[in-house]
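The values are calculated or read from the model by the stated rules, or taken from the named source; none is laboratory data. Note that this is a predicted model, so its numbers are computed, not measured. Glycine gets a Cβ as well: all are built from the backbone with ideal geometry, and neighbour counts include every protein chain shown. Ligands, DNA and RNA are stripped out before the accessible areas are found, and what is left, the full protein with its side chains, is counted by its heavy atoms. Shrake-Rupley method; radii C 1.70, N 1.55, O 1.52, S 1.80 Å.
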Amino acid sequence: MEHVHRLTRQAYSQAPWRSQTQWMGFFLLVVVVTALVAFIYLNTTAKAATYGRQIQDMQVNIYYPQTAITVQVDQEITQLEPQGEAETKSIEELHIEIADLEGKLAILISQEVIDAEAAELDMQPNDPGQTMYLVVNGYSGRQEANLAPPPHLERAPASSLPAVYKQSLIDWLKQQIVQTSHMFMEEVSP
Amino acid sequence: MKGEYAWRYNLMASGFILAAFLIIGRLISIQNSEDGKLLSEIGKSYLTQLHTYYPARGQIYDRYGHLLAANRQMYEISLNLYQVQNAETVAFGLSKILSNNPSYQNPGFYNEIYNFANQNLEDAKEFEKTLPFPISQAELDQLIDWARRYASMPVAKKSKDQPSLAGILYRPRPVRYYPEKMLAANILGYVKTDGSGVFGVEQKYNDFLAGEPQIWYVPIDPYQAQDLPDVHGGSDLVLTLDREIQARVEKMLDEALQQNGSESGTIVVMDPKTGEILAMASTPRIDPNEYFDFEDIINGETPFNRAVSQTYEPGSVFKVLTMAAALDAGVVTPDTTYLDTGVIEIGGVYVYNWSNTVWGEQTMTGCMRHSINACLTWVAKQLGPTRFYQYLQRFNIGRLTGIDMAGEDPGILRLPGGVWYESDLGTNSFGQGLTVTPVQMLMAVSALANKGEMVMPHVMRSSVTDGRQYNTLRSVIDTPIQAETAETITEMLAISLEDEASNALVEGYRVAGKTGTAQLVVAGGYHPSLTNASFLGWGPVDDPKFLVYVWFEKPVSSPWGSEVAAPVFSEVFKQLVVLTGLPPDSTRLQLAGR
């Protein structure tokens, strides 16, 4: 009976080569899944590194870096001009330049300069007795400086989350399927 | 066969496994050793980069948008020890090029640079040094020019002998600059090289203007990239000053000082309805761009701005407050009479009129016209000390006005209950025995010119922060007298000026005001001939637009306010009506009636 059982087991059991093939398949499946996970991980981290670098590049354009007076490489002067100037100016540098130009403009229209030009043109300060007054309709006189708009109450913006953040996974899959089918339909029908 | 040589394979496998374990073990021991930890720490220091951002200081404008305080581009110089190749050249170059820079006159500057640049990298504790003061574009251009010349020299045999400015780094930095130079310097103050404001508006609003330097560590690791902090720049200020009026007033002050030989002078123009200071001229003045000359110009105890910091006995201009208080309290009317005998006794002390003149019977208007000390003493006695000092306190005498400028002095007012004598009631009534500043007098008298409402003087009209302009609101401090009293005293003073054909009158415009001639306080009493001569006036009477205070210290040509200060008031007022386009009273009333 035992012999019958053994023969039966042997008849219905897998051939050794088949069992080995299954184990190999299982092993390869693990390797493939691992490789897939590794691929996704590397892909994501590479993208993260790329975007991080892009952000850092953009940040460099905000603040002006220090510039060297001169640089010597391998005993040979490679450049005489200051090194490190970006092709586009940083925001900080532009702000400083704008302020500097505003100051220079203020010097050109300063009271001292205007008085000197008036004296050159032989102009004299006016006297109340020599002043004639005219009524000009709509003229409201010299306006004080308004350098910026006044403060106002800002309404809190309504929620502007994209729809994709509110959809469930099923809804998103359905949407993708519908969009894909529309694409195919457009290709089919000219 | 297989079993016979299996031991060889097992031995090799054991050997490889043992080697692997040894390697792994060594890796772990290195990682956990002291050197390994040190290496890890050094590595971390390269993970981030220190960055300092200096927000530009807010700019200051006059009321019409003319720039009074700006920022110009200068350069911050740093030395990087890793890049220095010739310490001697670097030290020599910097000390030579900056030899005319007043911030770098320190005789040890060369040694300081050389000692830093000549350090060994192994022994150095710091590898970057920033010079304390920025340099100008011209100085930077010189440095770059020197670098070019060194670069074109023949290469030396030893690299360390090759002249080079390598290691010097520069970065632009905004630095305060005043395009109008000395104009309104007493009001603006100045900014030191470390960025802190001194005196005036620059000190009062320093935190507001400066913004805050931001220091942060920027990660180099791209995985650590993060949002940079939002740096807010300093706020801009728009002052109440009118640049043209300020320039004209300063010029008239300087000319008057030359004519009358005074030691110093102050002229302040204020809008009595709003408290806005349109002009404030004081002597001496510095050029804030050359603030290092400060001690040569403003030395000893000379205040930076006399209008807010110099206290003095105001003299007869103070009588307007005494009379206003008495009228408001109802103890006198404009027609109340007083028989003047030239002297009055109070608290055992005899008070005399100026020049010992006897005026006989006078109305209150007459008392103001002739500035009779004895009459005003009598008026104060009618009020009594309690009411008199209550009114003075409501006029804010002896207290800070709260003007938004640094260095204000509250003056001195002695009150009953403290160190006070009955005779003080008499002397205080005509402006002696107490001290005030010009802005205090302006603030108090604004109540007379503004229907009883006393406004706070201020110089900031609005501020611009984060792209929004915030305007300063008019601030009424108190209503010490009624509107009717203000009109009454104004009319009395206008009539007084007209009756004596005062030098303060302005053709075409009705003005009110009072002269003041106060003897100068010296040790033990008063100087027999030296005075503070002043005039305080406002107009047009029916709708005051300007409140003007003129004050000269120790005039030489004449000691009297009526001869020295009153004419200047008139000239100032004439310029004000022209510069602001204010037509004569008749024209204005005619236009208003249309």
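Here are a few things to note about the model shown:
- What a 1.4 Å probe finds exposed on the protein assembly as shown is 56% carbon and sulfur by accessible area, rounded to a whole percent.
- Helix-only [θ]222 nm of the protein assembly as shown, DSSP H runs n ≥ 4, -39500 (n - 2.57) each, per residue, nearest 500: -13000 deg cm²/dmol
- In sequence order, calculated HN-Hα J values of segment A:141-147 (Karplus, 6.51, -1.76, 1.60; Hz; x Gly/Pro): x, 5, 9, 5, 5, 10, 7
- Taking other residues whose beta carbon is less than 14 angstrom from the beta carbon of A:A116, and scoring Lys, Arg as +1 and Asp, Glu as -1, yields -4.
- Range of Cα positions in segment B:129-182 per principal axis (Å), largest first: 55, 22, 14
- Cα centroid separation, segment B:255-327 to segment B:71-150: 44 Å.
- Relative contact order, percent, chain B [alpha-carbon distance under 8 Å, six or more residues apart]: 14 percent
- Computed from the C-alpha gyration tensor, the three semi-axes of the ellipsoid equivalent to the protein assembly as shown are 80, 35, 27 Å, from longest to shortest.
- Modelled this way, with points 7 Å down the Cα-to-C-beta line, the labels at A:K47 and B:N356 are 10.4 nm from one another.
- Between the amide H of B:D478 and those of B:M454, distances stay under 5 Å, these residues lying 5 or more places away or on another chain, with hydrogens modeled in the peptide plane.
- In summary, the convex hull built on the alpha carbon positions of segment B:314-412 has an orientation-averaged projected area of 7.2 nm².
- Segment B:542-594, Rg to Rh (Cα coordinates; Rh as Kirkwood inverse mean 1/r): 1.13
- Counted charge near B:D221, where neighbours are those whose Cβ lies closer than 11 Å (Asp, Glu -1; Lys, Arg +1): +2
- What the phi angles of segment A:98-105 give under the Karplus curve with 6.51, -1.76 and 1.60, with θ = phi - 60°, is a coupling list of 4, 4, 5, 5, 4, x, 5, 5 Hz, glycine and proline written as x.
- Tilt relative to chain B, helix B:34-45 - C-alpha long axis, 0 to 90 degrees, to 10: 50 degrees
- Signed unit charges on C-beta, dipole axis of the protein assembly as shown, positive-most listed residue B:V268, B:V459, B:S558: B:V459
- Rounded D (µm²/s) - segment B:225-367, Kirkwood Rh over Cα pairs, Stokes-Einstein at 20 °C, 1.002 mPa s: 105 µm²/s
- Applying the criteria of a DSSP loop state and at most 15 other Cβ atoms within 10 Å to the trypsin sites (Lys or Arg not before Pro) of segment B:411-466 yields B:R414.
- Charged side chains reduced to their Cβ positions (Lys and Arg at +1, Asp and Glu at -1) give chain B a dipole of some 1660 debye around its Cα centre.
- Straight-distance crosslink candidates among lysines, where the alpha carbon sits under 27 Å from B:K514 and sequence neighbours closer than 8 are dropped: B:K251, B:K273, B:K319, B:K381, B:K451, B:K545, B:K554, B:K574
- Each of B:P132, B:A117, B:S103 was scored by the projection of its Cα onto the charge dipole of segment B:92-156, and the greatest displacement toward the positive side belongs to B:S103; charges sit on the C-beta of Lys, Arg, Asp and Glu.
- Backbone HN-Hα couplings from phi across segment B:186-196 [Karplus 6.51/-1.76/1.60, Hz, Gly and Pro as x]: 5, 8, 6, x, 8, 10, 6, 5, 7, x, 8
- With a Förster radius of 45 Å applied to the C-beta separation of B:V556 and B:A138, the computed FRET efficiency comes to 0.50.
- Across segment B:430-556, the volume of the C-alpha convex hull divided among the residues equals 169 Å³ per residue.
- Extension gain, B:E112 back to B:L591 (0.36 nm per residue minus Cα-Cα distance, nm): 165.2 nm
- Accessible area per residue, Å², chain B with all protein chains present, probe 1.4 Å: 45 Å²
- Candidate cross-link partners of B:K96 among the lysines, defined by an alpha-carbon separation under 21 Å and a same-chain spacing of 8 or more, comprise B:K129, B:K160.
- Other-chain or far-sequence residues with amide H under 5 Å of B:L520's (modelled H): B:H527, B:L530, B:T531, B:N532
- When you filter the trypsin sites (Lys or Arg not before Pro) in segment B:70-132 for DSSP loop state and at most 12 other Cβ atoms inside 10 Å of their Cβ, you are left with B:K125.
- Altogether, the Stokes-Einstein calculation at 25 °C and 0.890 mPa s, with the Kirkwood radius of segment B:373-418 over Cα pairs as Rh, returns a diffusion coefficient of 202 µm²/s.
- Solvent-free Debye scattering, log10 I(q)/I(0), computed from the Cα coordinates of chain B at q = 0.08, 0.11, 0.12 Å⁻¹: -0.69, -1.01, -1.13
- Exposure ranking of B:D585, B:D207, B:D145 by accessible area [1.4 Å probe, largest first]: B:D207, B:D145, B:D585
- Solvent-accessible surface (1.4 Å probe) assigned to A:R9 amounts to roughly 150 Å².
- Each other residue within a Cβ distance under 12 Å of B:I267 adds +1 if Lys or Arg and -1 if Asp or Glu, for a net charge of -1.
- Total accessible area lost when B and A pair, probe 1.4 Å, Å² to nearest 100: 5500 Å²
- Annotation: amide H of B:I346 within the under-5 Å range of B:V351, sequence separation 5 or more or interchain, hydrogens built in the peptide plane.
- Listed residue (B:Y421, B:L383, B:T337) projecting farthest to the positive dipole end of segment B:332-431, Cβ model: B:L383
- Surface accessible to a 1.4 Å probe, B:R369 within the full protein complex, Å²: 70 Å²
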